[in-house]
Amino acid sequence: MKVLLVLYDGGKAAEEEPRLLGTIQNKLGIADWLKEQGHELVATADKEGEGSEFKKHIVDAEVLITTPFHPGYLTKEVMQTAKNLKICITAGVGSDHVDLNAANERNITVAEVSGSNVVSVAEHVVMSILLLVRNYTPAHEQIIGGGWDVAPMARHSFDLEDKVVGTVGAGRIGYRVLQRLTPFDCKELLYFDYAPLPEQAAKAINVRRVESLEEMVSQCDIVTVNCPLHEKTKGLFNKELISKMKPGAWLVNTARGAICDAQAVADAVNSGHLGGYAGDVWNVQPAPKDHPWRSMKHPLGGGNGMVPHMSGTTIDAQLRYAEGTKTILQNYLTGKAQDPANLIVENGDYVSKAYGKRDTKAEERKEEVRTD
Ligand code: NAD
């Protein structure tokens, strides 16, 4: 069996730090285990373009493993060349790099390590909200640059207390973000999600569901995006929706870059309509040097909390998603049923309810509690 691993090149850092498991150097810690069983393993970071190693090896790979941090984009066209492909495993959470409808047509299973990095991301979201609201980044840059000038920093610095915060998507991450915000005494916590939270879970953190996205964003000082990327969420935060946000509101997106229209976000930050934008996910990864999110800036300075895709790949998270990947692979190799919580699509249908409201078997599964 041929297993294709598409991971990023961790360079010297990965040679020095073996716990950087999501790299071609450390291969999720499964290289020896696979070799001992006589399987072929190809690990590459070269994923773009017709001549890439990814395109070359996907042709006869049975298993594709990739991370959302450096994804091998499995489009319908690429999938058509993948004659032996049976299962795609996402070492992490978020499988939008696979054309899921095409996977269903081909009966390819797509599984991910659900829950493996949701705390890591939720912590990053809370940090991003704070660094935007407190105007942290330009103040820190001022200090590094040898300066000391309080007023221009303080004029765009606020308290999180008494602000309204809303999440788009209240699944594992969205719920954990709200949970972590409760001690900040926000004015109100809101959520927009077609799947309502279990009553007890909503009550425990005193969160109110808003039925319309436009209505929710127009009430929020801070909006955090925590839903998967699918047909209904691609470009969701466009010029029109952003114009409905309160002037000066902050937007944090650690879900997927393509959920936001890149230029519309940059324009809104540059004009000051948005107080700032932060996140770690980009519509193209690696992001090009001239991506507008690298240079966008609020008229008062700051307002840019962008980092490379890293929120869900802390060392702790890498250990969890590497272990989870091995379990999914082991289940596949031994013919054992996968944990349904890890399945996105299987047997030609969606198992996960999170990739859009649709008329599938997944919609009938009422028993799943998404905040587990
Ligand atoms: P989850 O499946 O537990 O929750 C997703 C929630 O989004 C579900 O409740 C679903 O009903 C809701 N949703 C789907 N479409 C929606 C829409 N149109 N409007 C509102 N809500 C909608 O998933 P999760 O573990 O919370 O992860 C969410 C996403 O975060 C992942 O799909 C992934 O894209 C992203 N993520 C990013 C990182 C990172 O490192 N930046 C790491 C992990 C996950």
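Tabulated values for the structure
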{"quantity": "Which listed residue is within 11 Å of the ligand (Cβ to nearest atom) and of a type outside the set (D, E, K, R), from Gly171, Gly235", "calculated": "Gly171"}
{"quantity": "Among residues of region 62-111, those that are aromatic (Phe, Trp, Tyr) and without any contact (Cβ under 8 Å) to a residue 60 or more places away in the chain, counted", "calculated": "1"}
{"quantity": "Selection status of Ala266, among the hydrophobic types (A, V, I, L, M, F, W, C) and out of contact with any Leu (no Cβ under 9 Å at 6 or more places or on another chain)", "calculated": "yes"}
{"quantity": "Selection status of Asn331, surrounded by 12 or more Cβ atoms within 10 Å (Cβ to Cβ), within 12 Å of the ligand (Cβ to nearest atom), modelled with pLDDT of 55 or more and not small (Gly, Ala, Ser)", "calculated": "no"}
{"quantity": "Helices (runs of 4 or more DSSP H) completely within region 64-151 that count 3 or more residues being of a type outside the set (Gly, Ala, Ser) and within 23 Å of the chain's Cα centre (by Cα)", "calculated": "76-81, 100-106, 118-133"}
{"quantity": "Boolean, Val125 is touching a strand residue (DSSP E or B) at 6+ places or on another chain (Cβ under 9 Å), in contact (Cβ under 8 Å) with a residue 12 or more places away in the chain and not acidic (Asp, Glu)", "calculated": "yes"}
{"quantity": "Test: Tyr332 is aromatic (Phe, Trp, Tyr) and more than 17 Å from the chain's Cα centre (by Cα)", "calculated": "yes"}
{"quantity": "Residue among Ala195, Ala151 that is over 21 Å from Ser218 (Cβ atoms) and either within 11 Å of the ligand (Cβ to nearest atom) or modelled with pLDDT under 95 (or both)", "calculated": "Ala195"}
{"quantity": "Scan of region 272-321 for residues that are in a loop (DSSP other than H, G, I, E, B), closer than 19 Å to Ala13 by Cα and hydrophobic (A, V, I, L, M, F, W, C), ordered by number", "calculated": "Val307, Met310"}
{"quantity": "Gly94 being crowded, with 16+ Cβ neighbours inside 10 Å, within 16 Å of the ligand (Cβ to nearest atom) and farther than 27 Å from Asn347 by Cβ", "calculated": "no"}
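The values are calculated or read from the model by the stated rules, or taken from the named source; none is laboratory data. Computed from a predicted structure; not experimentally measured. Cβ coordinates were reconstructed from backbone atoms using ideal geometry, including for glycine residues, and neighbour counts include every protein chain displayed.
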